[in-house]
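Participant: Dropping a structure here in structure tokens format, bear with me for questions.
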Amino acid sequence: MNWVNKHKLSTTKAIKYEGNLCITTKHLWEALHATFNSALHRQIDKEVLNEIGSKPTSIWVLFSKEEF
């Protein structure tokens with residue numbers, strides 16, 4: 001069955017970091033790690049959240065711990 005064979009992750013090929021394609025898990029991790037850490041201590045503008053419209057809330061049917 002062909003669908004069980006190992007495949008390269010096509011989504012990592014589309015991600016570029018510093019002009020280089022992230023074609024391995026190592027490159028992808030380094031790009032994500034560096035991107036996260038570059039924004040870690042930056043100030044944020046929470047006012048942008050005011051632009052998001054409200055959506056109606058959903059009503060949940062109650063369930064017990066056992067059902068969960």
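Participant: Looking only at segment 19-30, which residues are of a type in the set (A, V, I, L, M, F, W, C) and modelled with pLDDT under 90?
Facilitator: The first filter runs over segment 19-30 and keeps only residues of a type in the set (A, V, I, L, M, F, W, C), leaving 21-23, 28-29.
Matches in segment 19-30: LEU21, CYS22, ILE23, LEU28.
Participant: I need every pair where a residue in segment 29-53 that is in a helix (DSSP H, G or I) has its Cβ under 7 Å from the Cβ of a residue that is surrounded by 10 or more Cβ atoms within 10 Å (Cβ to Cβ), sequence separation at least 6 or different chains.
Facilitator: ALA31/ILE15; ALA31/TYR17; ALA31/CYS22
The values are calculated or read from the model by the stated rules, or taken from the named source; none is laboratory data. The model shown is predicted, which means the values in this text are computed figures rather than measured ones. Positions of Cβ are generated from backbone atoms using ideal geometry, with glycine treated the same way; all protein chains shown enter the neighbour counts.
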